[in-house]
There are 2 protein chains.
Amino acid sequence: MEKTLKQIKALSDGNRLRVVMALSAFGELCVCQITELLQVSTPTVSRHMSVLHNAGMVESRKDARWVHYRLSENFPEALLNWAESSVAGSRIILKDKQALETILSFPRDELCRARKQGLAV
Amino acid sequence: MEKTLKQIKALSDGNRLRVVMALSAFGELCVCQITELLQVSTPTVSRHMSVLHNAGMVESRKDARWVHYRLSENFPEALLNWAESSVAGSRIILKDKQALETILSFPRDELCRARKQGLAV
DNA sequence: TTTTTAGATACTTAATTAGCTAAATATATA
DNA sequence: TATATATTTAGCTAATTAAGTATCTAAAAA
């Protein structure tokens, strides 16, 4: 039961739920893309991803300086399907989808640099 | 999305998850039965049930002095199915099932009175 | 080799939450 | 009508959690 509870708790934060929905829709995102999406600090994103990782819900790969996160193949499919249908149509999720299309239209390097300089998108 | 989050948060407490599993398995329980199951104070149970009720996950009916809770018919079925399969086999849930069979073998009035006198089962 | 960079970790603060006791409420019972 | 009872609400405490800033880490880039 502890594992189940850990997974539920991992999803019980609004920003983490948004990240999971974004990863489900777009496959893979790096920290600075997630940071841009959530509009919080990088350390905050890092900690959220750590929670999701410790719950076995996301996996990461390193590419040069970048860490990319994606949903783990062990992510409970039934839970994901429920969550997606439950939030489908919500204003925040729809807005996130649009924002992500913009975010992903920027080369990753440029996005990270723009963030650093306080510009971003 | 706020409704989804509220439901996830409602389940993100161990005792509340246990209650939902118990209601799913046994249909309907009164406060003192839940109190006996969880081994916490009655006011604590009352507040937990309030959280679940506010999330639209349980319903109640009054019968004399007793309030009985059951899962709402609006409880997300996919979520319930996932949770059940996810915790199936866990020691706590199995132990709860046994405890509930004992609890339900007592007439409700006697259980409530025994609890009040610090005896219980 | 030195510098830069993306992300993780440490520390702090403020908000939220689970548990308890005391008291209130609604209503059944005597 | 007074009393008893099951449950809810109020108030408090301790623990947990989300956010920020500062700093560290690993490793890419110059």
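The values are calculated or read from the model by the stated rules, or taken from the named source; none is laboratory data. Here the structure is a predicted model, which means the values were calculated and not measured. Positions of Cβ are backbone-derived with ideal geometry, glycine not excepted, and every protein chain shown enters the neighbour counts.
Taken as a whole, the structure places A:VAL58 among residues that are at pLDDT 95 or above and in contact with a Phe, Trp or Tyr (Cβ under 6 Å, 6 or more places away or on another chain). Sub-8 Å Cβ pairs linking a first residue in region A:92-121 that is small (Gly, Ala, Ser) to a second residue that is at pLDDT 80 or above and not in a helix (DSSP H, G or I), at least 6 apart or interchain, are A:ALA114/A:PHE106, ordered by first then second residue.
Looking at region B:55-81, which of the residues that are of a type in the set (Asp, Glu) and part of a strand (DSSP E or B) is nearest to DNA strand D (Cβ to nearest atom)? The selected residue is B:ASP63. Among the residues of region B:25-34, the one identified as within 8 Å of DNA strand D (Cβ to nearest atom) and within 18 Å of B:ILE93 (Cβ to Cβ) is B:GLN33.
Number of residues in region B:91-121 that are modelled with pLDDT of 90 or more and closer than 13 Å to B:CYS30 by Cα: the value is 3.
When region B:9-26 is examined, which residues are found to be at the interface with chain A (Cβ under 10 Å from one of its Cβ atoms) and closer than 12 Å to A:GLU2 by Cα? Hits for region B:9-26 are B:SER12, B:ASP13, B:GLY14, B:LEU17, B:ARG18. For A:MET49, the conditions (1) assigned to a helix (DSSP H, G or I); (2) more than 13 Å from DNA strand D (Cβ to nearest atom); (3) among the aliphatic types (A, V, I, L, M) all hold with the exception of (2). Filtered by the rule that a residue be within 14 Å of DNA strand C (Cβ to nearest atom) and closer than 16 Å to A:ARG18 by Cβ, region A:58-79 gives A:VAL58, A:TYR69, A:ARG70. Name every residue in region B:63-97 that is within 13 Å of B:GLN33 (Cα to Cα) and more than 11 Å from chain A (Cβ to nearest Cβ), in order of residue number. Residues satisfying the conditions are B:TRP66, B:VAL67, B:HIS68, B:TYR69, B:ARG70, B:LYS97.
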